[in-house]
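Working notes for the structure below.
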Amino acid sequence: MTQDDVLFGYRLQLFALAGQTTVTQACRTFGVHRSTYYAWKAQVDRQELEMLRPRERRRPVMPNQLSPVIEQRIVAFSLGHPGLGLKRISAQLARPQWGGLLVSPNGVYKALRRHGLNTRAKRLALVAGYRAPYEPPREVAPEPHVDTHHPGELVGIDCFYVGRLHGTKGPVWQITAIDTYSSFAWADLVVAPVQGPTIEQTSALAQRVAAELQAAGWRLERMLSDNGGEFGRREFARRLPDGVIHSQIRAGRPQSNGHVERLHRTILEECWRPAFARFMQVRFAGLRRELASHLTYYNHQRADTGRKTAGRCPADLVYGARKMEPR
């Protein structure tokens, strides 16, 4: 029984009591004004008691509400990128390649809420085809900042466990590096031994970072990592290019390397979760292609809302001009 059925039965009792006693007594008993009763009675006399059933009303359209065309584009973009948050969706839609739609994060939220897609869990659930578990809200903690002045001054590097995949001989790890000034990212998937990635695998990515920065006109000055065995102080530092300083954070304080930790979360939300939701069977080669495609998008197309980037792409700060973007 719905709320409309309860209200319909309440009105029927009003008319039944009015037929047994008086209209004044029935209206006083049910708390209904007599003018309302006579307005209903005029409708009942014309079209019988079924007119007492509450009518379905459409949701009002506010004068400043987004047009249906823009709202459909917001929903389509959100389902195409279910891992993005409201602020990120607003920043991406404002870019010329998406039509330059100037919609605030609050406007994006209201448009998605009307379609029941106002959280990442709901969007990912719709893509994956299952009911996502409830995620309780979390309080936003203050974010400490690392001050750098140019690309290559400080690059953080870390490893992220992806899991075991069909067809691989060991666990799959993601080795990630990020420039703390421009947020330019590098990452690679490797099949590592049981104990984790080796120094050869982590140093290979570090050397690639130094080479790409040098090709862009910058020099890698310092590499920051944790105290894991894959970043052994002497062996890892020996494999770095000449002049590069290797620093390690204090044990038990991963927030000291917060740039790369936040990048791990970004890749997890915007790349891995949508990929695992779409793929019927996850393969190592497919995940490597997905990661390479996402990094190209992250570095050259994605609007970054950090303090230094301020809505620009990381490649804008590293290459200095769009014409130097790799083809």
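Summary of computed values
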quantity: Filtered residue count, the stretch 245-289, keeping only those that are of a type in the set (A, V, I, L, M) and part of a loop (DSSP other than H, G, I, E, B); calculated: 4
quantity: First in the stretch 19-43 and surrounded by fewer than 16 Cβ atoms within 10 Å (Cβ to Cβ), second anywhere and in a helix (DSSP H, G or I) and among the basic types (K, R), Cβ under 9 Å, 6 or more apart; calculated: T24/R34; F30/R11
quantity: Residues satisfying the stated conditions in the stretch 112-150, i.e. modelled with pLDDT of 85 or more, farther than 23 Å from R307 by Cα and either over 16 Å from the mean Cα position of the chain (by Cα) or aromatic (F, W, Y) (or both); calculated: R114, H115
quantity: Hits in the stretch 226-242 (condition: over 22 Å from R253 (Cβ atoms) and under 35 Å from the mean Cα position of the chain (by Cα)); calculated: L240
quantity: Among (1) under 30 Å from A216 (Cα atoms); (2) in contact (Cβ under 8 Å) with a residue 60 or more places away in the chain; (3) surrounded by 18 or more Cβ atoms within 10 Å (Cβ to Cβ); (4) of a type outside the set (S, T, N, Q) - the single one W173 does not satisfy; calculated: (2)
quantity: Set S247, S256, S225, S203: member being surrounded by 18 or more Cβ atoms within 10 Å (Cβ to Cβ) and closer than 27 Å to G306 by Cβ; calculated: S225
quantity: Members of the stretch 210-231 that are of a type outside the set (D, E) and within 15 Å of I175 (Cβ to Cβ); calculated: A210, M223, L224, S225, G228, G229, F231
quantity: 2 or more residues outside the structural domain of A275 (by TED's automatic domain parsing), farther than 15 Å from I70 by Cβ and out of contact with any Cys (no Cβ under 7 Å at 6 or more places or on another chain): qualifying helices (runs of 4 or more DSSP H) within the stretch 80-141; calculated: 86-93, 120-128
quantity: Single condition S182 does not satisfy, out of (1) of a type in the set (G, A, S); (2) farther than 16 Å from L317 by Cβ; (3) buried (at least 18 other Cβ atoms within 10 Å of the Cβ); calculated: (2)
quantity: Total residues in the stretch 151-170, condition over 30 Å from V318 (Cα atoms) and touching a residue at least 24 places away in the same chain (Cβ under 8 Å); calculated: 5
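Yes/no matrix, rows are residues, columns are (1) free of Cβ contacts under 8 Å to residues at least 24 places away in the same chain; (2) under 22 Å from L268 (Cα atoms):
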residue: R73; (1), (2): no, no
residue: F77; (1), (2): yes, yes
residue: L84; (1), (2): no, yes
residue: I89; (1), (2): yes, yes
residue: Q97; (1), (2): no, no
residue: S104; (1), (2): yes, no
residue: G116; (1), (2): yes, no
residue: A121; (1), (2): yes, yes
residue: L124; (1), (2): no, yes
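Okay, residues lined up against (1) of a type in the set (D, E, K, R); (2) not in a loop (DSSP other than H, G, I, E, B):
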residue: R11; (1), (2): yes, yes
residue: Y37; (1), (2): no, yes
residue: V44; (1), (2): no, yes
residue: E56; (1), (2): yes, no
residue: Q65; (1), (2): no, no
residue: I70; (1), (2): no, yes
residue: S78; (1), (2): no, yes
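The values are calculated or read from the model by the stated rules, or taken from the named source; none is laboratory data. Keep in mind it's a predicted model, so treat the numbers as computed, not measured. With ideal geometry, Cβ positions are generated from the backbone for all residues, glycine too; neighbour counts draw on all protein chains shown.
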